[in-house]
1. Any idea how far the Cα center of segment 79-119 sits from the one of segment 182-242, in Å?
2. GNM on the chain, C-alpha springs below 10 Å: top fluctuator among H339, H58, H311?
3. From zero up to wherever the largest Cα-Cα distance of the chain sits, split into 20 Å bins and tell me the percent of pairs in each.
4. Report, in whole Å, the centroid distance computed from the Cα atoms of segment 137-157 and segment 304-334.
5. With all protein chains present, how much of the accessible area of segment 113-226 (probe radius 1.4 Å) comes from carbon and sulfur, to the nearest whole percent?
6. Give the cross-link partners of K275 among the lysines, using a straight C-alpha distance below 21 Å as the criterion and excluding same-chain residues fewer than 8 apart.
7. Mind listing which GluC sites (Glu not before Pro) in segment 270-330 are in a DSSP loop and have 12 or fewer other Cβ atoms within 10 Å?
8. Based on alpha-carbon centroids, what's the gap between segment 28-64 and segment 379-403 in Å, whole number please?
Amino acid sequence: MTASVAAFGLLGSLVTACGSSEDGRTTLRLVAPEYGTSPSTGSKAYWDRLTTAFTAAHPGKKVEVTLYPWAEVDREVTRMVQEGDAPDVALLGAYSDFAAQDRLYPASEVLSIRTEANFLPPLVEAGSVDTVLYGLPFVASSRLLFYNKELFEKAGAKPPKTWSELKKAAGALRTAGVPYPYALPLGPEEAHAEALIWELSNGGGYTDVRGEYTLASDRNTQTFRWIKDNLVGPGLTGPVPPAELNREDAFAAFLRGDVGMVNGYPSLLHEATEKGVKVGTLRMPVSDTLSDEETPPPAAGVADWMMAFRHDGNRELVSSFLNFVYQDRNLNEFAERYHLLPSTVSATQVSQDAAADPDAEQFLIALRGAQLYPVNEPSWLQVSDTIKRNIGKAVAPSADPKAVLEQIAQQAREATEPE
């Protein structure tokens, strides 16, 4: 995840129909994750409106949409593919494993030239395998450190710029009675996001310049050892063990006023503002070991990806649907609904001109230089799942961070080795 709000459950099909013609399919099947947290914020309303508009503009064509929780959607689509029942279009957190299996249309076969050329450059790079665009970025976000201004003022803490300053602020917050001085969501929902944020802030990351995994690098090991010894060990991350704390729960605690600091994205800032929480934002504090001469680490960026599966007779229908989805008004409606960033240059400009969400500008600036997940590595879907389920163990009281990271790295090597 994207960068996306946790789901509240399976909604099932929104628009159903069946049928085909000799000239091609008349019904498109789309599988997507649920971005909402309740029926009132659910994605059903968006897809209902979009599919109704699409069918009105394309008589005789229909769309069947199925929503799954974020925690299930990747697994469900993988199952469908393995059973020979892939949807026509899917919206997921990763795409490249399907591209490696030659199951996807490249963008050039399903998008107009104008639509393909309209994506933001960092997203094009992440969505391409060997310079061919397969992952079509839909919405994106970047991560910034959020802090509760009132809690900081009460504790006499200052917004941190370095890890040592973050530790000092967290200590002051704990003394002031804040339940979660620093919320560290390394639970299985989205642990790979929190882990990447910390790794980047120490000059590390998931891959090197060649795109090869560096999960157990010295810098990453140093990062998790510091977190374990300086935050988790002293009790500065709250009552729930980080390996059991999911992002959704960390965000809910922040909105209750129980969290001093947490890494967040635009939708959380919007929710906090609506609830009257006074939020400060800043780039993730950096390791004290980074020299002043080193380039400031990039922010972590997240995108969610549309992908078009190859089926006999479906290319024309898929092309019509995707070009419709990526019209500015349709893309912006979704992005604004969940306070995320649209993936195209023109939709971003329209959103800025409309001043729909002035706070989004800081996230867009961070996104332009952000480091995204290595989604163009075919093994990423499997590797990210391994990280989600295991990285929290690296900061457990009795853990050896190096051993945990090496175990994850070994599983990543096995995932990348040819069968």
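The values are calculated or read from the model by the stated rules, or taken from the named source; none is laboratory data. A quick note: this is a predicted structure, and the numbers were derived from the prediction, not measured. Cβ placement follows ideal geometry from the backbone for every residue including glycine, while neighbour counts extend to all protein chains displayed. What goes into the accessible areas is simple: the full protein's heavy atoms, side chains included, and nothing from ligands, DNA or RNA. Shrake-Rupley method; radii C 1.70, N 1.55, O 1.52, S 1.80 Å.
1. Centre-to-centre (Cα) distance: 31 Å.
2. H58
3. The percentages, shortest bin first, are 27, 57, 15, 0.
4. Here the two parts' Cα centres lie 34 Å apart.
5. Working: 2440 of 4730 Å².
Whole-percent figure for carbon plus sulfur exposure: 51.
6. Straight-line reach from K275, under 21 Å: K149, K154.
7. On the way: sites: E271, E274, E293, E294, E316; in loops: E293, E294.
Those that pass, being in a loop and sparsely packed, are E293, E294.
8. 36
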